[in-house]
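> After the structure tokens below, expect a handful of questions from me.
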Amino acid sequence: MRKYIGVGASLVATVALVGACGGGDPEPAETAAEQPTTEETTGRADAEGAELVVWSDAERNQAIQDAAAAFEADTGATVTVVQKNFEDLRADFLAQVPTGEGPDITVGAHDWLGEFVESGVVDTIDLGDRAADFEQVTLDALTYDGQLYALPYAQETVGLIQNADLVGEETPETWDELIQMATDAGFAERPIIFYTNGTEGDMYTSYAFQTSFGAPVFLQDEDGSYTSEVGLGGEEGLAFAQWLHDNGSAGTGYFTDTVDYDIGNELFATGESPFIVQGPWTIPTYQDAGVNVVVGPVPSAGGQTASPFVGVQGFYLSSQSSNALLANEFLANYMSTDDAQQALYEADPRIPALTAVAESVADDPVIAGFLASAQNGVPMPNIPEMGAVWEFWNPVQIALINGEDPASVWPSMVSSIESAIAE
């Protein structure tokens, strides 16, 4: 079972040191959309005998090695792919890079970026013209203070999943339309399964509804970088809080604190409700139960676009790599090709970051639905301040659903988050 990527808590793990970075910087290579030939690239002779070390998990290992084979043939360099547990990558990278050990490149999730930058363990990369070929949200996710720090290769988000046998295949654009469709189909009491992780709260999954009221968790700069300015306050945030309250125990009763992951999946799979907001990792469960699923963007409850969190994975470049130019060339000219991105998708079917490959796999209507949702989405904040949010944000969701006063608990939550960030 795959769930969403990270909630701001650092992983803690240590393992034996693995391979140091290679030597001898080559001269810069031309960045191009197509895989370059030796004649098109300067400084390739200097790469003879150089080594790049790449950390990967088991799922992506072979796809990286396949791209590396062409790179090795063109440059004379060697790419050593070290397989590690994904759960260990973050902590090991943070621990080993400052000592001069560790890889030139590591696979990782985008919400690690803030900590990586603040710790000084990653360097910027340059994709040249190839950057324009990626889904913008994936570039935004791996951008910090206006600088791109990793090559994106996959994205993932939640969407509105519906049982087409109960409500048809047309997806609702607004919350009111969803309620009407469910009511007409005989589900007036439970029009949607609203996932809350039980009594813990889960604002990750329901974030799209919040953004439709114009209340982002943090404000973003024009270049897409997140600032540390909290966007949860004001009339927009209160309007969303009131919506949660009005659909909880004090109102319609649509939302409760009883829906954890397993219960939510069972309720939807057995036809107890026609709608649920969840991610692609739940689709096999529903299809195995015989549900005719249709996926689309999350409908707007507040009048603005419902923008779910998008999780992105990419390849980070170590700040201590002694082959930084060669490593950038490997990412920009080899791991960013259509073939490489297709191979990564086949190894682990998350929506590709490269637009052409994403559109090619969207022949599957389920994938197309999640892609449409992601194209409305925003990256989950990659700044360290996000770690101060969850412990206040999630419990307030439950408090509001259980009937507490929005005008009291929501501003108190915003104040607590701002105080925690200021510490």
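> Using only Cα atoms, tell me the angle between helix 86-96 and the longest principal axis of the chain; keep it within 0 to 90° and round to the nearest 10.
Value to nearest ten degrees: 50.
> Using only the C-alpha atoms of region 261-360, find the volume of their convex hull and express it per residue in Å³.
Values: hull volume 17.1 nm³, N = 100.
That works out to 171 Å³ per residue.
> I would also like to ask the following. Return a whole-number percent for the relative contact order of the chain, with Cα pairs under 8 Å and 6 or more residues apart as the contact set. Write down the numbers at each step before the final one.
On the way: 920 pairs, mean separation 111.9, N = 423.
Rounded, it is 26 percent for the chain.
> What size of dipole, in debye to the nearest 20, comes out for region 158-252 about its Cα centre when the only charges are +1 on Lys and Arg C-beta atoms and -1 on Asp and Glu C-beta atoms? Display every interim value, and only then the final one.
Numbers: 1 positive and 17 negative charges, 78 e Å.
Dipole size: approximately 380 debye.
> Using the Karplus curve 6.51 cos²θ - 1.76 cosθ + 1.60 with θ = phi - 60°, work out ³J(HN,Hα) for each residue of region 108-124 in order, rounded to whole Hz, and write x for Gly and Pro.
With the stated coefficients, region 108-124 comes to x, 8, 5, 7, 7, 4, x, 5, 4, 5, 4, 8, x, 9, 10, 10, 6 Hz.
> With every atom except the alpha carbons ignored, what do you get for Rg and Dmax of region 125-274, in angstroms?
In Å, with Rg to one decimal and Dmax whole: 18.6, 54.
> What residues qualify as long-range amide H neighbours of Glu51, i.e. H under 5 Å apart, gap of 5 or more or another chain, H built at 1.01 Å from N?
Amide H neighbours of Glu51, under 5 Å, 5+ apart: Gly22, Gly23, Thr78.
> Let me ask something else. If you place +1 on the Cβ of every Lys and Arg and -1 on the Cβ of every Asp and Glu, how big does the dipole about the Cα centre of region 254-408 come out, in debye to the nearest 20?
On the way: 1 positive and 18 negative charges, 70 e Å.
Magnitude of the dipole: close to 340 debye.
> Report, to the nearest 10°, how far helix 390-401 tilts away from the longest principal axis of the Cα atoms in the chain, using its own Cα long axis and a range of 0 to 90°.
20 degrees
> I would also like to ask the following. Using the Karplus curve 6.51 cos²θ - 1.76 cosθ + 1.60 with θ = phi - 60°, work out ³J(HN,Hα) for each residue of region 307-324 in order, rounded to whole Hz, and write x for Gly and Pro.
10, x, 5, 10, x, 10, 10, x, 10, 8, 9, 5, 6, 9, 5, 8, 10, 4
> What whole-number volume per residue, in cubic angstrom, does the convex hull of the C-alpha atoms of the chain give? Could you put the intermediate results ahead of the total?
Details: hull volume 54.0 nm³, N = 423.
Normalising the Cα hull of the chain by residue number yields 128 Å³.
> Something else about it: Only Lys, Arg, Asp and Glu count, each charged at its Cβ (+1, +1, -1, -1), so figure out the dipole size of the chain about its Cα centre, rounded to 20 debye.
Numbers: 9 positive and 67 negative charges, 166 e Å.
The calculation lands at about 800 debye.
> Under the rule of at least 5 residues apart or a separate chain, name every residue whose amide H is placed under 5 Å from the amide H of Ile351.
Placed amide hydrogens put Gln155 under 5 Å from Ile351.
> Using the reciprocal of the averaged 1/r over all distinct C-alpha pairs, how large is the Kirkwood radius of region 130-185 in Å? Kindly include the intermediate steps, with their values, before the conclusion.
Values: mean 1/r = 0.0692 Å⁻¹.
It works out to 14.4 Å.
> Give the calculated FRET efficiency between Asp184 and Asp338 to the nearest 0.05, with a Förster radius of 56 Å applied to their Cβ-Cβ distance. Write out the running numbers ahead of the final one.
Details: r = 44 Å, r/R0 = 0.78.
It comes out at approximately 0.80.
> Could I ask something else about it? If you fit an axis through the alpha-carbon atoms of helix 365-375 and take the longest principal axis of the Cα set of the chain, what angle between them do you get, 0 to 90°, nearest 10?
In the chain, helix 365-375 runs at an angle near 80 degrees to the longest axis.
> Quick one: the Cα spread of region 92-194 along its three principal axes, in angstroms, biggest first?
63, 32, 23 Å, listed from the longest principal axis down.
> Would you please give the residues with an amide H less than 5 Å from that of Ser225, counting only those at least 5 places away or on a separate chain, with H modeled from the backbone geometry?
Answer set, sorted by chain and number: Gly146.
> Right, another one. So what's the net charge close to Leu317: Lys and Arg +1, Asp and Glu -1, counting the other residues with Cβ under 12 Å from its Cβ?
Computed value for this residue: -4.
Just so you know, all these numbers are worked out from the coordinates, no wet-lab data involved. Bear in mind the structure is a predicted one, so any value in this text is a computation, not a measurement. All Cβ positions, glycine included, derive from the backbone under ideal geometry; neighbour counts span all protein chains shown.
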